[in-house]
Every structure is written in C-alpha cells, then in structure tokens.
Amino acid sequence: MCAWEIVTLDNLGILKSGRQVHKPEYDPSLFCEGSVPLIESQLIENDQLFVRNVRRYYNTFGVGQSTIFEADTVCITRTGNVAKTSIIKVPSCLSSRVHGLTPFVGVSDAIFIKYSFDFSKIKKLCQNIASANTETKVLTIDRLLKILFPNPPFELQQKIGKILSTYDLLIENYQRQIEEAKKQVVWKMIHTS
C-alpha cells in the first residue's frame with residue numbers, strides 16, 4: 001500500500017502571487033496588440049478544469065510590469081470567492097487577485113492539486129482562514145501555507161487526476177454543445193420569422 005503524506009503547498013510547487021504594478025491596472029497601453037493572456041479572478045471563479053475565455057492579453061509593456069507563469073500552473077483566487085481554482089494551458093500573467101502554484105516536476109500533478117482544493121475539508125479551511133481577522137475574505141500566501149494538502153505518490157496523483165478530469169472535460173464539452181444548440185435555436189427563430 002502506498003503512503004500518502006500531508007504537506008503544505010510549498011512542498012508541492014512554487015507558490016507566487018500574480019502581479020500588476022502599473023496603475024491603473026486596465027490601462028489600454030498594457031493591452032494594445034497584446035498576445036500574453038492575463039488571467040483574472042473572474043475566469044477562475046466558475047471552477048472549470050482549465051482557464052477559458054480569456055478577454056485581455058498583455059503586450060510587451062504589460063508583461064514587463066507583471067510576471068509570466070508557466071503552463072500547467074494552478075491558478076487560485078485570493079479575494080472574494082476564495083480558493084476557486086483552474087489550470088492555465090499556456091504561459092500567462094496572473095492578476096494581483098490570483099495566486100499561481102507551479103507544481104514541482106515529478107512531485108506533484110497540477111490536475112490533482114486543482115481537485116485537492118475541491119475537497120470539502122480543504123475548501124472549508126480555505127474559506128475559514130481567509131475570513132480570519134478580516135471583514136473581507138483574503139487568502140494570502142501566508143494563510144495558504146498553513147493548510148495541509150494530501151500528497152500521494154506522483155503516479156497515483158496522475159491516475160486520480162486523469163479519472164476526475166475525464167468527467168469534468170465531458171461535462172464541459174456537453175455544456176459547450178448545449179450553448180451552441182441554444183445559439184442555433186435563437187438564430188433559427190430570428191431568421192425564420
């Protein structure tokens with residue numbers, strides 16, 4: 001039988017906050033002809049497996065005042081609806097309201113970590129610790145590092161992640177098909193009247 005360890009996130013990967021130095025944060029000069037995705041908390045709050053529907057892309061100036069996170073980084077919301085997670089598929093910048101956990105190669109699996117945040121016990125701990133001593137919920141890195149996460153052997157993490165993600169990807173696919181069918185029905189109603 002394989003042993004599961006209980007560890008903090010800094011044992012699973014590099015945990016950093018997103019960064020937006022320039023003010024105002026959404027100055028058009030940061031985005032004109034941009035190509036590097038800016039991952040905002042709204043993109044993560046729907047808790048999908050992968051970040052989708054990016055609306056803003058940084059240009060060279062935008063990237064220069066931010067930080068690029070690698071593909072397969074787990075994005076974690078830090079304010080508002082805290083501890084919602086999603087994974088980026090391409091190198092991206094994160095807003096200042098999002099943390100990024102880049103898993104250590106061969107130690108932790110991004111998909112498993114994403115689903116670990118969905119465990120009811122961890123979700124509740126994140127909510128409680130984010131509310132501690134503040135009126136608004138803020139999940140700081142210091143607070144995140146107080147929470148213990150499961151760490152089974154890497155191969156088992158990959159197996160668990162693959163099984164769970166298969167279902168999520170099917171659900172997301174069906175949701176997209178439903179949305180497309182709705183659009184077609186509306187189009188037919190408009191154009192056949």
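Just add up the charged neighbours of residue 46: K/R +1, D/E -1, any other residue whose Cβ is under 14 Å from the Cβ of residue 46. Surrounding charge for residue 46 is -2. Using the Cβ-Cβ distance between residue 79 and residue 176 with R0 set to 35 Å, the FRET efficiency works out to roughly 0.75. Restricting the calculation to alpha carbons of the chain gives Rg and Dmax of 18.5, 65 angstrom.
Global dimensions of region 135-193 from alpha-carbon coordinates: Rg and Dmax equal 21.1, 60 Å. If you plug the beta carbon distance of residue 42 and residue 163 into 1/(1 + (r/R0)^6) with R0 = 41 Å, you get a FRET efficiency near 0.90. The label point for residue 191 and the one for residue 5, both projected 7 Å from the Cα toward the Cβ, are 5.8 nm apart.
Using R0 = 35 Å, the C-beta based FRET efficiency linking residue 154 and residue 55 works out to 0.50.
Quick one: go through region 1-29 and flag any residue whose amide nitrogen is under 18 Å from the point 7 Å out along the Cα-to-Cβ line of residue 146. Zone members listed by number: 7-11.
Rule-based calculations on the coordinates, nothing more; no lab input. None of these values were measured; they are calculated from a predicted model. Heads up, the Cβs are rebuilt from the backbone with ideal geometry, glycines too, and the neighbour counts pull from every protein chain shown.
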